[in-house]
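Peer 1: Please read through the structure below; I'll follow up with questions.
The values are calculated or read from the model by the stated rules, or taken from the named source; none is laboratory data. Quick caveat, the model's predicted, so the values are computed rather than measured. Neighbour counts are summed over all protein chains in view; Cβ atoms, including those assigned to glycine, are modelled from backbone coordinates with ideal geometry.
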Amino acid sequence: MKNHLLPLLLLAVIILAVWYLSRRSAFIFGCKPTWFYIGYALLFVGCAFFTFAGARPWTCSPLGHVCFCFASELLGVLLYLLLIMLAVDIMQLFAHFPARTFGLIVGLLTAGVCAAATINAFVPRLTPVTVELPNLRQPVRAVLLTDTHLGHFRGRRHVQRLVNKINQAQPDLIFFTGDCFESPYNLNIRTVEPFRQLNAPVYFVSGNHDGYVGTDSVKSLLRQVGVRVMDTEVAEACGLQIVGLDYMRADEQDGNSMHAPVGDATIESVSKELIRKGELPIVVLHHNPCGGEYLEKAGVDLYLAGHTHGGQLYPLIWINDRIFQFNRGLYRLGNMQAYTSCGSGTFGPPMRLGTRSEITVMEMRPEK
């Protein structure tokens, strides 16, 4: 039942959005809303289709690329057109704007918000975080990179910006928790070549979008530029036991892990077989911040993930807070700490509002 409820709810929201936008647009232009109904419906359907088709090979053609980029940006514009129109409508209760003034205010605010959100999405920032770990012998500075979503909107130039920022932080280790690529567009060695310039070892685990593009292809490219790809295995570095998990479900009953392999290993099963508590603090890398209860029970000290984008855009941030156990930032579950990064890329609209495009600089210190 739950699996069908969300699509039905989303469809209802889209129908209401089309109805409301059409009525208010007709008010602004002083005409009947009939053609607006058709136009907005086609825009929503077309934008959703192209946005979710981003991993398809046909979007790599020049026309497919342009259609994808236009549709993704327009989807964000439609979202904020709707929200800003609602906000100005509430102002109407007190101000009573004429139709043209109403339209001008809505248009300017929408353009300004979308421009600011787009710029914000492409400016990665260093986010400092401090954690104390038991049995850590000496301080370790680690960078958490995730959800770069290389593809239509991001390529080699974006990777170079990330590499420059990371080297600026002078880390001892770099953890990369998946969704390196979101599309076959820019899926080549030239795009990831700047990763060779990183001045610290990189440990990578795959995400769901890497799977859509082709996990083996993504892993092969990263191995060629010196990245340590972890296929559900354990490594030791800088006094840490690093457990890198392939993208998987929390347990056999988990139906919320987006397109994780069914019937394969789960965090529940892996935590029993792979994780062995020893003298070194245990750091687990996994794309989706799920299954925290199993890792905490296994004695994990720090759980690092991405996937959520922190919600990426208002009002989706509020929804994400209710969907994910660890949506963004630092959490504690029993004796385990968990950190979910908002990531440095985007999905769908290349915009961020209420979140930042971030690279997390994590200062790990011995527990007092």
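Peer 1: Going through 151, 207, 178, 211 one at a time, which residue ends up being within 16 Å of the chain's Cα centre (by Cα) and over 23 Å from residue 355 (Cα atoms)?
Peer 2: One residue alone meets the criteria, 211.
Peer 1: Is it the case that region 353-362 has a residue that's surrounded by fewer than 20 Cβ atoms within 10 Å (Cβ to Cβ) and either touching a strand residue (DSSP E or B) at 6+ places or on another chain (Cβ under 8 Å) or not assigned by TED's automatic domain parsing to the domain that holds residue 211 (or both)?
Peer 2: The initial filter retains those residues of region 353-362 that are surrounded by fewer than 20 Cβ atoms within 10 Å (Cβ to Cβ), namely 354, 356.
After this cut, where a residue has to be either touching a strand residue (DSSP E or B) at 6+ places or on another chain (Cβ under 8 Å) or not assigned by TED's automatic domain parsing to the domain that holds residue 211 (or both) as well, the list is 354, 356.
Scanning region 353-362 turns up at least one residue that is surrounded by fewer than 20 Cβ atoms within 10 Å (Cβ to Cβ) and either touching a strand residue (DSSP E or B) at 6+ places or on another chain (Cβ under 8 Å) or not assigned by TED's automatic domain parsing to the domain that holds residue 211 (or both).
Peer 1: Considering each of 191, 148 in turn, give the residue that is at pLDDT 95 or above, in a loop (DSSP other than H, G, I, E, B) and polar (S, T, N, Q). Reasoning before the result, please.
Peer 2: Values: 191 fails: in a loop (DSSP other than H, G, I, E, B).
Testing whether each residue is at pLDDT 95 or above, in a loop (DSSP other than H, G, I, E, B) and polar (S, T, N, Q) leaves just 148.
Peer 1: Hey, can you tell me all the residues within region 126-137 that are assigned to a strand (DSSP E or B) and exposed (fewer than 13 other Cβ atoms within 10 Å of the Cβ)? Quick ask: steps written out before the conclusion?
Peer 2: Restricting attention to region 126-137, the residues satisfying the condition of being assigned to a strand (DSSP E or B) are 126-133.
Correct list: 128, 130.
Peer 1: Do we find that residue 237 is of a type in the set (A, V, I, L, M), crowded, with 18+ Cβ neighbours inside 10 Å and in the same structural domain as residue 174 (by TED's automatic domain parsing) in this structure? Write out each step before concluding.
Peer 2: Details: of a type in the set (A, V, I, L, M): yes; crowded, with 18+ Cβ neighbours inside 10 Å: no; in the same structural domain as residue 174 (by TED's automatic domain parsing): yes.
Spelling it out, it is not the case that residue 237 is of a type in the set (A, V, I, L, M), crowded, with 18+ Cβ neighbours inside 10 Å and in the same structural domain as residue 174 (by TED's automatic domain parsing).
Peer 1: Check off (1) in a helix (DSSP H, G or I); (2) not polar (S, T, N, Q); (3) not assigned by TED's automatic domain parsing to the domain that holds residue 219 for residue 161 and give me the number that stays unchecked.
Peer 2: If we test residue 161 against (1) in a helix (DSSP H, G or I); (2) not polar (S, T, N, Q); (3) not assigned by TED's automatic domain parsing to the domain that holds residue 219, just (3) comes out false.
Peer 1: While we're on this one: Among the listed residues 77, 88, 66, identify the single one that is assigned by TED's automatic domain parsing to the domain that holds residue 45, closer than 18 Å to residue 155 by Cα, of a type in the set (A, V, I, L, M) and assigned to a helix (DSSP H, G or I).
Peer 2: Result: 66 is the single residue among 77, 88, 66 that is assigned by TED's automatic domain parsing to the domain that holds residue 45, closer than 18 Å to residue 155 by Cα, of a type in the set (A, V, I, L, M) and assigned to a helix (DSSP H, G or I).
Peer 1: Among the residues of region 183-203, is any surrounded by fewer than 24 Cβ atoms within 10 Å (Cβ to Cβ), farther than 19 Å from residue 243 by Cβ, within 19 Å of the chain's Cα centre (by Cα) and polar (S, T, N, Q)?
Peer 2: Checking region 183-203: at least one residue is surrounded by fewer than 24 Cβ atoms within 10 Å (Cβ to Cβ), farther than 19 Å from residue 243 by Cβ, within 19 Å of the chain's Cα centre (by Cα) and polar (S, T, N, Q).
Peer 1: Could I ask something else about it? Which numbered condition trips up residue 184, out of (1) under 27 Å from residue 52 (Cα atoms); (2) out of contact with any His (no Cβ under 8 Å at 6 or more places or on another chain); (3) not in a loop (DSSP other than H, G, I, E, B); (4) not charged (D, E, K, R)?
Peer 2: In the conditions (1) under 27 Å from residue 52 (Cα atoms); (2) out of contact with any His (no Cβ under 8 Å at 6 or more places or on another chain); (3) not in a loop (DSSP other than H, G, I, E, B); (4) not charged (D, E, K, R), residue 184 misses (3) alone.
Peer 1: Please go through region 309-325 and give me each residue that is modelled with pLDDT under 95 and either charged (D, E, K, R) or assigned to a loop (DSSP other than H, G, I, E, B) (or both), ordered by number.
Peer 2: Of everything in region 309-325, those that are modelled with pLDDT under 95 and either charged (D, E, K, R) or assigned to a loop (DSSP other than H, G, I, E, B) (or both) turn out to be 314, 315, 321, 322, 324, 325.
Results for (1) assigned to a strand (DSSP E or B); (2) basic (Lys, Arg); (3) surrounded by fewer than 21 Cβ atoms within 10 Å (Cβ to Cβ), shown as yes or no for each residue.
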position: 242; (1), (2), (3): yes, no, no
position: 271; (1), (2), (3): no, no, no
position: 280; (1), (2), (3): no, no, yes
position: 288; (1), (2), (3): no, no, no
position: 300; (1), (2), (3): no, no, no
position: 304; (1), (2), (3): yes, no, no
position: 330; (1), (2), (3): yes, no, yes
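Peer 1: Evaluate the following for residue 117: is it of a type in the set (A, V, I, L, M), surrounded by 12 or more Cβ atoms within 10 Å (Cβ to Cβ), modelled with pLDDT under 95 and assigned to a helix (DSSP H, G or I)? Let's see the steps before the verdict.
Peer 2: On the way: of a type in the set (A, V, I, L, M): yes; surrounded by 12 or more Cβ atoms within 10 Å (Cβ to Cβ): yes; modelled with pLDDT under 95: no; assigned to a helix (DSSP H, G or I): yes.
No, not satisfied.
Peer 1: Right, next: I'm trying to understand the selection: among the residues of region 32-49, which are among the aliphatic types (A, V, I, L, M) and surrounded by 15 or more Cβ atoms within 10 Å (Cβ to Cβ)? It would help to see each step written out before you state the result.
Peer 2: Our first condition is that a residue be among the aliphatic types (A, V, I, L, M); within region 32-49, this holds for 38, 41-43, 45, 48.
Residues satisfying the conditions are 41, 43, 48.
Peer 1: Could you say which residue among 339, 294 is touching an Asp or Glu at 6+ places or on another chain (Cβ under 6 Å), within 28 Å of residue 215 (Cβ to Cβ) and outside any loop (DSSP other than H, G, I, E, B)?
Peer 2: Checking each option against the conditions leaves just 294.
Peer 1: For region 1-47, enumerate the residues that are among the polar types (S, T, N, Q) and at pLDDT 90 or above. Give the derivation first.
Peer 2: Of all residues in region 1-47, those among the polar types (S, T, N, Q) come to 3, 22, 25, 34.
Hits for region 1-47 are 22, 25, 34.
Peer 1: Which numbered condition trips up residue 55, out of (1) part of a helix (DSSP H, G or I); (2) surrounded by 15 or more Cβ atoms within 10 Å (Cβ to Cβ)?
Peer 2: Of the numbered conditions (1) part of a helix (DSSP H, G or I); (2) surrounded by 15 or more Cβ atoms within 10 Å (Cβ to Cβ), the odd one out for residue 55 is (1).
Peer 1: Assess whether residue 335 counts as being assigned by TED's automatic domain parsing to the domain that holds residue 159, under 19 Å from residue 149 (Cβ atoms) and either in contact with a helix residue (DSSP H, G or I) (Cβ under 7 Å, 6 or more places away or on another chain) or not basic (Lys, Arg) (or both). Steps first, answer last, please.
Peer 2: Working: assigned by TED's automatic domain parsing to the domain that holds residue 159: yes; under 19 Å from residue 149 (Cβ atoms): no; either in contact with a helix residue (DSSP H, G or I) (Cβ under 7 Å, 6 or more places away or on another chain) or not basic (Lys, Arg) (or both): yes.
No, not satisfied.
Each row is one residue, and each column tells you yes or no for (1) touching a residue at least 24 places away in the same chain (Cβ under 8 Å); (2) surrounded by fewer than 21 Cβ atoms within 10 Å (Cβ to Cβ).
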position: 51; (1), (2): yes, yes
position: 90; (1), (2): no, yes
position: 102; (1), (2): yes, yes
position: 105; (1), (2): no, yes
position: 139; (1), (2): yes, yes
position: 147; (1), (2): yes, no
position: 163; (1), (2): yes, yes
